[in-house]
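The values are calculated or read from the model by the stated rules, or taken from the named source; none is laboratory data. Computed from a predicted structure; not experimentally measured. Don't worry about glycine lacking a Cβ; one is built from the backbone with ideal geometry, like all the others, and counts go over all protein chains shown. Only protein heavy atoms, including side chains, enter the accessible area calculation; ligands, DNA and RNA are left aside. Shrake-Rupley method; radii C 1.70, N 1.55, O 1.52, S 1.80 Å.
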Amino acid sequence: MTRMSIPERYRTAAAGFTQRVEGTRDWDAPTPVAQWRARDVVDHLVTWLPGLLRTASTVRLSPVASAQDDPVQAWRELDAQVAALLGDPATAELVLRNQYVGPMPVPVAVDQLFTPDVVFHTWDLARATGQDDTLDEQFIARAYAGMVQNAEMIRGSGQFGEQQPVPDDATTQERFFAFIGRDPRFRPDPGRPARP
């Protein structure tokens, strides 16, 4: 994913998340994020980016379906808007101004802030719903290295949980998710009945 253009990176990340969204059968399944159900993973993605763009740029995304009521449709609607935004050459002229990340072109902000979040939450949804949770190894390795280098700032942000223990044989992906506060070997309750 690292040598792709910004729109290509987003499309690749979004395709992986879409696959897990469409494969979800129990939207009330617990996730590796404490207090979140599967539908809350989608709700997070479809609310925070529009909110960030609304408060820090001139971009206004259209409201989408409620992720609590129809997470599949909510994600489809947001995904289409983000892809269109990144596919529009005029977007490169728009600037996002945020006290935490400073001014940057809107496509760069989406690439640095939202696209990785889509990848990380793909794992959350996959784990919650018993789907394939394998992510792009190079992408995760780079993300992990970057976060370790900025550990103090990341811990101080309050956006991530406490680092979790990992066994000696942990993969890079498991180490990454443990670093950001997830149980890297989280499994949903196998006795939980699936719900539509």
Check: Which residues, counting only those in the range 96-118, are touching a strand residue (DSSP E or B) at 6+ places or on another chain (Cβ under 8 Å) and open to solvent by 50 Å² or more (accessible area, probe 1.4 Å)?
Finding: PRO103, PRO105, GLN112
Margin query: Can you tell me how many residues within the range 119-134 are surrounded by 23 or more Cβ atoms within 10 Å (Cβ to Cβ) and among the polar types (S, T, N, Q)?
Written below: 1
Next item on the list: Restrict the check to the range 177-184 and report whether at least one residue is modelled with pLDDT of 90 or more, farther than 25 Å from GLN19 by Cα and touching a helix residue (DSSP H, G or I) at 6+ places or on another chain (Cβ under 9 Å).
Entry: no
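Per-residue answers, yes or no, for (1) farther than 25 Å from PRO184 by Cβ; (2) aliphatic (A, V, I, L, M); (3) modelled with pLDDT of 95 or more:
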{"residue": "SER5", "(1), (2), (3)": "yes, no, no"}
{"residue": "PHE17", "(1), (2), (3)": "no, no, yes"}
{"residue": "ARG25", "(1), (2), (3)": "no, no, yes"}
{"residue": "PRO32", "(1), (2), (3)": "no, no, no"}
{"residue": "ALA38", "(1), (2), (3)": "no, yes, yes"}
{"residue": "ASP43", "(1), (2), (3)": "no, no, yes"}
{"residue": "THR47", "(1), (2), (3)": "yes, no, yes"}
{"residue": "VAL64", "(1), (2), (3)": "yes, yes, yes"}
{"residue": "VAL82", "(1), (2), (3)": "yes, yes, yes"}
Next item on the list: Could you please give the count of residues in the range 69-85 that are open to solvent by less than 20 Å² (accessible area, probe 1.4 Å) and either in contact (Cβ under 8 Å) with a residue 40 or more places away in the chain or touching a strand residue (DSSP E or B) at 6+ places or on another chain (Cβ under 7 Å) (or both)?
Entry: 3
Next item on the list: Kindly list, by first and then second residue, each pair from a residue in the range 11-37 that is more than 15 Å from LEU78 (Cβ to Cβ) to a residue that is open to solvent by 60 Å² or more (accessible area, probe 1.4 Å) and not in a loop (DSSP other than H, G, I, E, B), limited to pairs with Cβ atoms under 7 Å and residues at least 6 apart or on different chains.
Entry: TRP27/ARG37; ASP28/ARG37; ALA29/ARG37; PRO30/ARG37; THR31/ARG37
